């Protein structure tokens, strides 16, 4: 699978907006054929793993594991997730992990790993460095994400000691979406950004970049959603892998 940047992107204008607002939306990030291939890949994958947290513990549940759970067990898990979401940090969505190490990415043969490595070098990395104003960015990590009805991610700022995260990205691969279906990437107000809440509706071939740390969340996908919310997400990082 080949990935090609949209040659018409205005890096200077995007950099100016990022410098002013701490976030920017890059529409038509890839040439359309590349984005369509990634969307089809995510739709056809069967190795999705549901990730969720209970307090400080992270759990990963395969589709086979969830299929074997009783209705009562699934209801108990849902109740626990929503109870914690009322007061603390909580998430639930499906993921396909990508290794950080270049050698592991090359050995995997996974197109998602190829995309992460493409983001980590050449013209793509040069563009990302210019937009966020951080020439020290060495690589992008990545994971495929899919949000189904009931999935969400509560507020957090992505700041983790030792990870050297300069900016977060959400590359939207959702061709059809209605705002009222939820799944919005919400940027929370702060002293720096002011009282206004900003948000991005799921979209196709759109790269959302925002500075780390910055409080944000993903609103719950409603039962009315006719499709899953697909994206590739990660951080632009400096330092060794």
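A single member of 103, 116 is assigned to a helix (DSSP H, G or I) and modelled with pLDDT under 95, and it is 103. Only one entry in 92, 45 is surrounded by 12 or more Cβ atoms within 10 Å (Cβ to Cβ), in contact with a strand residue (DSSP E or B) (Cβ under 9 Å, 6 or more places away or on another chain), farther than 16 Å from residue 151 by Cβ and modelled with pLDDT of 95 or more, namely 45. Considering each residue of segment 148-169 in turn, at least one proves to be crowded, with 21+ Cβ neighbours inside 10 Å, in contact with a strand residue (DSSP E or B) (Cβ under 9 Å, 6 or more places away or on another chain), in contact (Cβ under 8 Å) with a residue 24 or more places away in the chain and closer than 20 Å to residue 45 by Cα.
Go over the candidates 83, 13, 37 one by one and state the one that is within 21 Å of the chain's Cα centre (by Cα), assigned to a helix (DSSP H, G or I) and either closer than 15 Å to residue 115 by Cβ or without any contact (Cβ under 8 Å) to a residue 12 or more places away in the chain (or both). Selected residue: 37, the only one of 83, 13, 37 that is within 21 Å of the chain's Cα centre (by Cα), assigned to a helix (DSSP H, G or I) and either closer than 15 Å to residue 115 by Cβ or without any contact (Cβ under 8 Å) to a residue 12 or more places away in the chain (or both). Scanning segment 51-89 for residues being over 21 Å from residue 218 (Cβ atoms) and buried (at least 16 other Cβ atoms within 10 Å of the Cβ) gives a total of 0. Looking at this structure, is residue 38 surrounded by 12 or more Cβ atoms within 10 Å (Cβ to Cβ), touching a strand residue (DSSP E or B) at 6+ places or on another chain (Cβ under 7 Å) and closer than 20 Å to residue 227 by Cβ? So residue 38 passes the test. Of the set (1) surrounded by fewer than 15 Cβ atoms within 10 Å (Cβ to Cβ); (2) under 21 Å from residue 27 (Cα atoms); (3) touching a residue at least 40 places away in the same chain (Cβ under 8 Å), all apply to residue 121 but (3).
Is segment 96-108 home to any residue that is buried (at least 22 other Cβ atoms within 10 Å of the Cβ) and in contact with a helix residue (DSSP H, G or I) (Cβ under 6 Å, 6 or more places away or on another chain)? Yes. You will find that of 145, 65, the residue that is part of a strand (DSSP E or B), at negative phi and either in contact with a strand residue (DSSP E or B) (Cβ under 9 Å, 6 or more places away or on another chain) or modelled with pLDDT of 95 or more (or both) is 145 and no other.
The values are calculated or read from the model by the stated rules, or taken from the named source; none is laboratory data. Computed from a predicted model, the values in this text were never measured in an experiment. Because the Cβ atoms are built from the backbone with ideal geometry, glycine has one as well, and the counts that use them run over all protein chains shown.
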